[in-house]
Structures are given as structure tokens and as C-alpha cells.
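Chemist: Got a structure here, written out as C-alpha cells. Questions coming.
The values are calculated or read from the model by the stated rules, or taken from the named source; none is laboratory data. Values in this document were obtained by computation on a predicted structure and should not be read as measured data. Please note: Cβ atoms are built from the backbone with ideal geometry, for glycine as well, and neighbour counts cover all protein chains shown.
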Amino acid sequence: MKLHVLAVASALAATLTFAGYVGAQQSGSVSALRNAAIDETNAIDDVYHQDEGRAPRNYRQQPPIIPHSSDQYQIDLRTNQCLTCHDWTTAGDRGAPTLSMTHYLDRNGTQLDTVAGTRWFCNQCHVPQADAPALIGNTFKPSSN
């Protein structure tokens with residue numbers, strides 16, 4: 001009985017392997033990721049830069065945009081590297097903007113000495129500034145009030 005099951009399994013595996021090979025052959029040519037021949041220089045898109053300083057806000061209560069890269073910043077349950085510059089205890093020495101006092105209020109409105117857990121993950125609201133083309137059209141106009 002075991003020999004029969006093994007023979008059926010082997011025949012099925014061989015059939016699927018052959019079908020996969022035939023499908024791969026019929027799928028067409030593989031396209032390269034390069035947009036030039038291997039011996040030519042590959043053209044790349046422009047690298048976008050970030051402007052220094054604060055970006056204007058488009059509506060009331062808009063979280064400020066981060067004017068620097070934060071790719072290498074560690075933000076997890078134990079560590080928040082944003083606070084090394086922006087916490088109220090260090091912002092003056094570092095020349096960085098201090099966090100809003102709302103970041104030091106818990107959900108009951110109690111004033112805390114440290115950043116509230118509900119405000120711990122900065123990149124929930126704040127995003128790094130990027131001078132990149134828009135992915136889709138945008139007709140947004142900021143409020144004049």
C-alpha cells in the first residue's frame with residue numbers, strides 16, 4: 001500500500017514539475033530592471049532634497065512636518081530617539097523645537113513629566129518633509145481662516 005502511495009506522489013510531483021517548466025517557457029522573456037544595456041551608463045531619476053526650516057501648515061491642528069530625515073531613528077516601546085532633541089528637558093540645549101504641552105497630557109488630561117504613551121510614536125502624525133513629485137493630482141487649498 002505504501003509503495004502505491006509513493007508511486008502516485010512521485011508521478012504527481014513529476015507532472016507538476018514538467019507543467020511548471022512548460023509554463024515558464026511560455027511566459028515570455030524576462031525583463032531586466034536596468035533601462036540600458038549592461039555596458040552603458042544606467043540613467044537614474046533626480047534625488048530630491050529636503051528644505052531647511054519649518055514648512056507652513058495648511059490647516060489648523062496640522063502636525064508639523066519633520067524637516068530632516070528620520071529613517072535611522074529608533075522608535076519602539078522602549079526608545080524614542082526624537083526625544084533626545086525635542087523633549088522639554090533637552091530642546092533648549094539642542095536648538096530644536098519643544099514638543100507641544102499636549103504631548104505631556106494623558107488621556108484623562110493629567111499633566112505628566114514625560115511624553116504620554118498616546119503620543120509616544122511620533123511618526124503616527126508627523127512625517128518627514130520630501131521635495132518629491134505628487135503621486136496623484138491635488139486641488140487642496142488651505143483655509144484662509
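Chemist: Only one of Ala24, Ala43, Ala11 is out of contact with any strand residue (DSSP E or B) (no Cβ under 7 Å at 6 or more places or on another chain) and modelled with pLDDT of 75 or more. Can you tell me which?
Modeler: Details: Ala24 fails: modelled with pLDDT of 75 or more; Ala43 fails: modelled with pLDDT of 75 or more.
Sole residue among the options that is out of contact with any strand residue (DSSP E or B) (no Cβ under 7 Å at 6 or more places or on another chain) and modelled with pLDDT of 75 or more: Ala11.
Chemist: For the subset of region 116-129 comprising residues that are closer than 18 Å to Gln61 by Cβ and outside any loop (DSSP other than H, G, I, E, B), which member is nearest to the chain's Cα centre (by Cα)?
Modeler: Asn123
Chemist: Also, I was wondering about something else. Give the residue that is farthest from Pro64 (Cα to Cα), with candidates limited to residues of region 74-112 that are charged (D, E, K, R) and surrounded by fewer than 15 Cβ atoms within 10 Å (Cβ to Cβ).
Modeler: Going through region 74-112, the residues charged (D, E, K, R) turn out to be 76, 78, 87, 93-94, 106-107.
Those left that are additionally surrounded by fewer than 15 Cβ atoms within 10 Å (Cβ to Cβ): 76, 78, 93-94, 106-107.
On the way: Asp76: 21, Arg78: 24, Asp93: 21, Arg94: 18, Asp106: 21, Arg107: 21 Å.
Looking at residues that are charged (D, E, K, R) and surrounded by fewer than 15 Cβ atoms within 10 Å (Cβ to Cβ), I get Arg78.
Chemist: Can you name every residue in region 63-115 that is assigned to a helix (DSSP H, G or I), over 23 Å from the mean Cα position of the chain (by Cα) and without any contact (Cβ under 8 Å) to a residue 12 or more places away in the chain?
Modeler: Our first condition is that a residue be assigned to a helix (DSSP H, G or I); within region 63-115, this holds for 83-86, 91-94, 101-104.
Now restrict to residues that are over 23 Å from the mean Cα position of the chain (by Cα): 91-94, 101-102, 104.
Those that are assigned to a helix (DSSP H, G or I), over 23 Å from the mean Cα position of the chain (by Cα) and without any contact (Cβ under 8 Å) to a residue 12 or more places away in the chain: Ala91, Gly92, Asp93, Arg94, Met101.
Chemist: With the requirement that a residue be under 17 Å from Pro56 (Cβ atoms) and touching a residue at least 40 places away in the same chain (Cβ under 8 Å), what does region 130-145 give you?
Modeler: Ala130, Asp131, Phe140, Pro142, Ser143
Chemist: Identify the residue in region 46-70 that is aliphatic (A, V, I, L, M) and either within 22 Å of Leu83 (Cα to Cα) or modelled with pLDDT of 75 or more (or both) and, among all such residues, is surrounded by the fewest Cβ atoms within 10 Å (Cβ to Cβ). Break it down into steps so the answer makes sense when it comes.
Modeler: Within region 46-70, the first condition is being aliphatic (A, V, I, L, M), and the residues that meet it are 47, 55, 65-66.
Going one step further and asking which of them are either within 22 Å of Leu83 (Cα to Cα) or modelled with pLDDT of 75 or more (or both), we end up with 55, 65-66.
Values: Ala55: 13, Ile65: 17, Ile66: 19.
That would be Ala55.
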